[in-house]
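Single-structure report; data block below.
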Amino acid sequence: LIAVLNALLRLADIKSGTRRAGFRKVDLADVVADVAELYGPLAEENGIALTLDAPCGFTVNGDPHLLSQAVANLVDNAIKFTPYGGAIQLQLYQPDRTRVEVRVTDNGGGIPDSEKGLVTEKFHRGRDEEDTPGSGLGLSLVEAIARLHAGVFVLSDNGPGLVASLLLPSDV
């Protein structure tokens, strides 16, 4: 209950925009490397290969703690929904001169197209998630953090699995 309340408070704080006061230049390679290091043992424990491809130099103007929270939520979800023997890739690249993309790709069950628009709503849990830990707030936080950073959060199919992308304005 405390975790849910804290998540709701973070959402309210993010949506108010007051967190922009702490923005600074952030190298996303540091953020994604820290998340990979944190979640590597959990992935290994679950028989999942977690690989990292994060070249340095892709910077954004933002809050490093919130960006880390967003990436951690994506990796945590990928671990929850990727089967034993599966794979997760955490990638960082620049699709064009104006944006940087953090991409988490897995080969789990994915999200049906009919639910992709719903998973960022607070407390939404898919039909098959009754036995999976969580409160239904993780992807709501990711979307709110993306918006706060003038970015977008996109979900697409990996066939099988999911691609979760956080696209943020580049700070070059």
Mind listing just one residue for me: the one in the stretch 79-101 that is part of a loop (DSSP other than H, G, I, E, B), open to solvent by 10 Å² or more (accessible area, probe 1.4 Å) and not β-branched (Val, Ile, Thr) and, of those, nearest to Asp27 (Cα to Cα)?
Arg97
Looking only at the stretch 102-122, decide whether some residue is open to solvent by 40 Å² or more (accessible area, probe 1.4 Å) and at pLDDT 90 or above.
yes
If I ask for residues that are under 20 Å from Asp96 (Cβ atoms) and not in a loop (DSSP other than H, G, I, E, B), which ones from the stretch 156-172 would you list?
Ser156, Val163, Ala164, Ser165, Leu166, Leu167, Leu168, Pro169
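Residues are listed down the side, and each one gets a yes or a no for (1) farther than 20 Å from Pro95 by Cβ; (2) part of a loop (DSSP other than H, G, I, E, B):
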site	(1), (2)
Ala43	yes, no
Pro55	no, yes
His65	yes, no
Val71	no, no
Asn77	yes, no
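The values are calculated or read from the model by the stated rules, or taken from the named source; none is laboratory data. Quantities reported herein were computed from a predicted structural model and do not represent experimental measurements. Note that each Cβ is placed from the backbone with ideal geometry, even for glycine, and that neighbours are counted across all protein chains shown. Accessible surface is based on the protein model in full, side chains and every heavy atom, while ligands, DNA and RNA are left aside. Shrake-Rupley method; radii C 1.70, N 1.55, O 1.52, S 1.80 Å.
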